[in-house]
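Visitor: The following block contains the structure, expressed as structure tokens.
The numbers here are math on the coordinates, done by the rules we state, and not lab data. Just so you know, these numbers come straight off a predicted model, no measurement behind them. With ideal geometry, Cβ positions are generated from the backbone for all residues, glycine too; neighbour counts draw on all protein chains shown.
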Number of protein chains: 6
Amino acid sequence: MLIEFGGTRVLCAASVQDSVPRWRRDSGLGWVTAEYAMLPRATNTRNDREAVKGRIGGRTHEISRLIGRSIRGCLDLRKLGENTIQLDCDVLQADGGTRTAAVTGAYIALADAVSWMRGKGLVKADPFVTSVAAVSVGVVDGEPRLDLCYTEDAAAETDMNVVCTGDGRFIEVQGTAEGAPFDRAELDALLDLAAGGCAELTRLQKEALA
Amino acid sequence: MLIEFGGTRVLCAASVQDSVPRWRRDSGLGWVTAEYAMLPRATNTRNDREAVKGRIGGRTHEISRLIGRSIRGCLDLRKLGENTIQLDCDVLQADGGTRTAAVTGAYIALADAVSWMRGKGLVKADPFVTSVAAVSVGVVDGEPRLDLCYTEDAAAETDMNVVCTGDGRFIEVQGTAEGAPFDRAELDALLDLAAGGCAELTRLQKEALA
Amino acid sequence: MLIEFGGTRVLCAASVQDSVPRWRRDSGLGWVTAEYAMLPRATNTRNDREAVKGRIGGRTHEISRLIGRSIRGCLDLRKLGENTIQLDCDVLQADGGTRTAAVTGAYIALADAVSWMRGKGLVKADPFVTSVAAVSVGVVDGEPRLDLCYTEDAAAETDMNVVCTGDGRFIEVQGTAEGAPFDRAELDALLDLAAGGCAELTRLQKEALA
Amino acid sequence: MLIEFGGTRVLCAASVQDSVPRWRRDSGLGWVTAEYAMLPRATNTRNDREAVKGRIGGRTHEISRLIGRSIRGCLDLRKLGENTIQLDCDVLQADGGTRTAAVTGAYIALADAVSWMRGKGLVKADPFVTSVAAVSVGVVDGEPRLDLCYTEDAAAETDMNVVCTGDGRFIEVQGTAEGAPFDRAELDALLDLAAGGCAELTRLQKEALA
Amino acid sequence: MLIEFGGTRVLCAASVQDSVPRWRRDSGLGWVTAEYAMLPRATNTRNDREAVKGRIGGRTHEISRLIGRSIRGCLDLRKLGENTIQLDCDVLQADGGTRTAAVTGAYIALADAVSWMRGKGLVKADPFVTSVAAVSVGVVDGEPRLDLCYTEDAAAETDMNVVCTGDGRFIEVQGTAEGAPFDRAELDALLDLAAGGCAELTRLQKEALA
Amino acid sequence: MLIEFGGTRVLCAASVQDSVPRWRRDSGLGWVTAEYAMLPRATNTRNDREAVKGRIGGRTHEISRLIGRSIRGCLDLRKLGENTIQLDCDVLQADGGTRTAAVTGAYIALADAVSWMRGKGLVKADPFVTSVAAVSVGVVDGEPRLDLCYTEDAAAETDMNVVCTGDGRFIEVQGTAEGAPFDRAELDALLDLAAGGCAELTRLQKEALA
């Protein structure tokens, strides 16, 4: 499925395999993992392909791991059985917030895949504990803002990515001072804004899956 | 730009740089190069990412080189000046003929980039000698066919990729016997069919660029 | 310098170079970067060397980037001049909290290196805006705890790494739900605990540098 | 065996293994694969070793794949049984046409290996459907020529590699316009020339194997 | 265990695995292997990490192999059973003679590991045939010297690493002319000096293990 | 040039470049370096290509370094001027002693290259201090032997490679106990045998170059 947030477009796909990685065998647990990548011309200035460089950069690794952790946070992996779901999030066009768009879209691809697995009898009971959605928030010119586009993001003093469950709790909170350090009041304001943004996305996800 | 041939969808982008690789400096000639890649879920069964494997496979290398050669074949590189155009052809969905779709789409991305360069004054004179388009043809059940989809391609006895100029000459002819060897008569029939297909694509390219 | 937190021992070293990476030249700004690594037997069960595997894993990348960002957050890079400081954080023994120990120790190695640079006249004015220290906190058995050792960390429901400045503001907040999602009250309790822990570390850093 | 075409010398060796790659197991089919490489001083100017660079270049990949496809084209892989033949073609000295020399020599190494396998009882029935030989042809100064040496090859307007079976049919036709595009008449002339060259090589192969 | 020779400090650790590499299975023999590495700031001038470069250098490979061979030379691998001992020698600080310090320290780590294995019943009989220790010797200003520090080593005309058993025989002798070639008399003098140095180390090893 | 020792055949080539590596610039000194490699079918059982594996093994590194050191030992690098000679030693067929054959053959390729450089005026004065040759010796069934073939080498209790100058001094001595440790008397006997073998090779080198 293709998720669009302003100028950001991410293609999210789920692939199902009826086995788990070696280190997880005979545990009765399923596994969900994610890979994030950006096309070389997703950005305005071309980036070299990681396949050509022969190694995956730190940023890509970091985001792939964030998506995997976030998505696993909404599932009961015992109910998935010994199956693996591989999520692929490929950024076709980037204008800020690609990692949070990827998490939000990956959840929908995952929900579709799980429906298909239940239809096939691969999964017996609903493995979802909750849903998951993510937003980026930041302080720009001293003011908290939701869903930063690229130019806002580059100018932000503080940048925060927040992953919430459908019932308003947190799975991941990552805040970074890009310019000046931030104090507790700013942090609280950003968390409020993010929680509201995630609630709105949760509503849109429900619509999309209905 | 996004090119679609049946179930095949390839995103083609051109990036311009006002310099040439080191080995070409002070030659007065421009350079055009291409990179081809497939998203992991472009096909029905997921393929591992080459970036994750840490190396580019032979098939990817082979196709990237074919696109580069084909595209360079329609340009007078002296008129490009010491500029480089990097073409990226990323297959979002694959249903046969991805390499020929990539060549045909890359030409349009290239034509757009050259227009932009002429607008900016980076290129003074029209560097195009001709246009370029490509088709795949094959022998299926003993009969020559144009534009094989994946299931036909897998069943083809002979598989041929042909790159033609806008005036009907050849830039690249690659025929491979997948099952039984082919004789001269079959080769001739495939070349006729391919030339006709390329002529039709040339007409569509003109429309797209108009 | 060797920093010890319970059973965790990290060797932190700073290396100075009187130039900056190519992309930063002629900016008048300095650069600080960090590399984190773990000896194969730092943990109880041996881990394969990343040099032998030929690639750096996602976790290592992620932590190296965290240390670099955290450390840059306490400096005015203009006052560093066009010099690079490379921080190396090598974990000799790991018992939880290696990344936060690395940040805290890297600050001391950095402060030593900057003193040396000022002695040599490489840096004219004090580039430190503040100091930086980090702690890990987590919820274990429903209770917030400071400085988790490995067995606590493995059992934690929520795991949070917090990087603070010497004056009590935040540079980085990374909270992850390992088991169940966490709510705002839990997040607040963890942030309070972390801020207190960082204040204590700031005091110890001052003693060590005096 | 060492094959020499003018100044080109290629060492071709076949290695037999009594198993097939994992993806081919329990198919009842054999497998033949090839690796092509050039010594660093095979050419007049030294080329860096691919092992030292840590990756195989596109040209090497492309040629290895061509040799493998060509050679598989002359065999009934069912009659080979679940055995693998690995062909190694190492260019000791290069003066044009190394890939076609490699195909022609690899056929002889293959035929020897198959004889040995039949002697050992590893292969029951003759798996050869036909023989295979290859030539390079090109247009130099407007004239079609057979077996281009390096200086002719560099000057060629069109370069074509043709792989034929012993009974004159085609396994692979690869024609590339290096300078100007070529028309159907030129293509026909090159194919005629190539077919004649392959017929002569087929005769020499028979002598060598007798 | 941490071994110190003057300014050289090497951390040596042994890890036990109750299996052997695939090529050794069902041989009844154990296996001992070693990996050597240097922290980036072990030397006065920082060295880039091999993990970051993505490949292990020749010097590292050479020393790891030397340690492995030396250590295997003092064991009866049949008595070890099908177990593997992996030795890790990490240089924290380097001031000459790191490879010989690593061999000498690795022996002690090995002896500890074997004691532990015997306690666990993994090894029934004492597998040690002898002990092993190593020194570096060299000719500096025309005079043979034992245990060269870094500045002596850099100035040495001849550099020799000698690995001896506890009963005074040789396992490895590696002499290299750095400046002028050396004659038989010089070689003899260096061997005498080395044998004496190894005897002293053997005594110290016994004390350490008592 | 192709050097043959019994069943061992090594192709040695020297390539000249009129510059030195970056770290050597403006030193007034030349540089000589060597790369050793084995064709996959040089041995009776095929070895995988290091280029395909994407990394060079420890043995290859070790031997390349040995050849480089040995060859540099016979030259006055100041007289070579700021030129680099790259030696390539490729083993076509291996039957023991490939590294010593490579050193001995590399010297001849080097001498030819230096003659050519002197003819071109790239080198003014004779840079050779002496010549260099190498042999392998070993103890088989309790007896010292010269020039071990593969089956002897595999059975040897002690294996020693010795590189000598034309005037009988040593450049490199590498002795390894494969089975039992060796004592001083055995070492002395091997050194005598090696010195005699090198003297004979020096004579043959002179003939070859005359």
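Visitor: On a C-alpha basis, how far is the centre of segment D:1-57 from the centre of segment C:36-115 in Å? Whole number, if you could?
Guide: With segment D:1-57 and segment C:36-115 each reduced to a Cα centre, they are spaced 43 Å.
Visitor: Hey, rough spin-label estimate for D:Ala154 and B:Glu207, points 7 angstrom out along Cα→Cβ, what's it come to in nanometres?
Guide: 4.7 nm
Visitor: Compute the label-point distances linking F:Leu29 to its equivalents in the other copies; points lie 7 Å from Cα along Cα→Cβ; give nm, one decimal, shortest first.
Guide: Relative to the other copies, F:Leu29 has label-point distances of 4.0, 4.0, 4.1, 5.6, 5.8 nm.
Visitor: Just from its helices, what would the mean residue ellipticity at 222 nm be for chain B, if runs of 4 or more DSSP H residues each count -39500 (n - 2.57) and the sum is divided by every residue, rounded to the nearest 500 deg cm²/dmol?
Guide: Helices in chain B give a 222 nm mean residue ellipticity of -11500 deg cm²/dmol.
Visitor: Once you have all Cα-Cα distances for segment C:51-199, histogram them in 5 Å bins from zero and send the whole-percent values.
Guide: With a bin width of 5 Å, the distribution comes to 2, 9, 18, 19, 17, 14, 10, 6, 4, 1, 0.
Visitor: Here is a follow-up. Report, in cubic angstrom per residue, the convex hull volume of the C-alpha atoms of segment C:60-103.
Guide: 75 Å³
Visitor: Could you derive backbone 3J(HN,Hα) for segment C:95-109 from the dihedral phi with the Karplus parameters 6.51, -1.76 and 1.60 (θ = phi - 60°), listing whole Hz in sequence and x where the residue is Gly or Pro?
Guide: So the Karplus estimates, Gly and Pro as x, are 9, x, x, 5, 6, 6, 4, 5, 4, 5, x, 4, 4, 5, 4 Hz.
Visitor: OK, next. Can you give me the distance in nm between label points at C:Arg25 and F:Gln17, each placed 7 Å from the Cα along the Cα-to-Cβ direction?
Guide: Rounded to a tenth, the inter-label distance reads 2.1 nm.
Visitor: Efficiency by 1/(1 + (r/R0)^6): what FRET value for D:Asp167 and F:Asp48, r their Cβ-Cβ distance, R0 = 41 Å, to the nearest 0.05?
Guide: The value I calculate is 0.70.
Visitor: Compute for segment C:91-164: radius of gyration divided by Kirkwood radius, i.e. Rg/Rh, restricted to C-alpha atoms, rounded to two decimals.
Guide: Across segment C:91-164, the Cα-based Rg/Rh ratio is 1.17.
Visitor: When the Cα atoms of segment B:32-82 are enclosed in a convex hull and the volume is divided per residue, what value in Å³ results?
Guide: Enclosed volume per residue, from the Cα hull, is 97 Å³.
Visitor: Still on this structure, please answer the following. Direction-averaged shadow area of the convex hull around the Cα atoms of the protein assembly as shown, nm²?
Guide: Mean projected area of the Cα convex hull: 52.2 nm².
Visitor: Right, another one. Taking Cβ-Cβ under 4.7 Å as the only way to count a partner, pick out the unpartnered cysteines of chain C.
Guide: C:Cys12, C:Cys74, C:Cys89, C:Cys149, each lacking another Cys Cβ under 4.7 Å.
Visitor: Taking the Cα centroid of segment E:139-161 and of segment E:176-195, what is the distance between the two, rounded to the nearest whole Å?
Guide: Cα centres, segment E:139-161 to segment E:176-195: 10 Å.
Visitor: Tabulate in residue order the Karplus-calculated ³J(HN,Hα) for segment F:5-22, using 6.51 cos²θ - 1.76 cosθ + 1.60 with θ = phi - 60°, rounded to whole Hz; enter x for Gly and Pro.
Guide: Going residue by residue, I get 10, x, x, 9, 10, 10, 8, 10, 9, 10, 10, 10, 10, 8, 7, 10, x, 3 Hz, with x marking Gly and Pro.
Visitor: Tell me, A:Leu209, C:Leu122 in order of fewest to most beta-carbon neighbours within 10 Å?
Guide: A:Leu209, C:Leu122
Visitor: Using the structure shown, select from D:Lys124/D:Lys206; C:Lys79/C:Lys124; D:Lys79/D:Lys120; D:Lys53/E:Lys53; E:Lys79/E:Lys120; B:Lys79/B:Lys124 the pairs with a Cα to Cα distance greater than 18 angstrom.
Guide: Where the Cα-Cα span goes over 18 Å, the pairs concerned are D:Lys124/D:Lys206.
Visitor: If you don't mind, another one. Can you tell me the Rg and the Dmax, both Å, for the Cα atoms in segment B:1-126?
Guide: Every Cα atom of segment B:1-126 included, Rg and Dmax give 15.4, 47 Å.
Visitor: Determine the gain in length on full extension of the stretch C:Thr33-C:Trp116; use 0.36 nm per residue of separation and subtract their C-alpha separation, reporting nm with one decimal.
Guide: 28.1 nm
Visitor: Can you compute the FRET efficiency between C:Ala180 and A:Leu2 using 1/(1 + (r/R0)^6), with r the Cβ-Cβ distance and R0 = 35 Å? Round to the nearest 0.05.
Guide: The pair C:Ala180/A:Leu2 has a calculated efficiency of 0.65.
Visitor: Further question on the same structure: What does the average come to when, for each residue of peptide B:162-169, you count the partner chain Cβ atoms lying within 10 Å of its Cβ?
Guide: Average per residue, whole number: 3.
Visitor: Find the chain A residue whose Cβ sits closest to the rotation axis that carries A onto E, and give that distance in whole Å.
Guide: A:Gly54, 4
Visitor: Skipping prolines and chain starts, which residues have an amide H placed within reach, meaning under 5 Å, of the one on A:Gly30, given they are 5 or more residues away or on another chain?
Guide: HN-HN under 5 Å from A:Gly30: A:Arg78, A:Leu80, A:Gly81, A:Asn83.
Visitor: Please list, in chain and number order, the residues 5+ apart from F:Arg9 or on another chain whose amide H is under 5 Å from its amide H, with Hs placed from the backbone.
Guide: HN-HN under 5 Å from F:Arg9: F:Leu92, F:Gln93, F:Ala94, F:Asp95.
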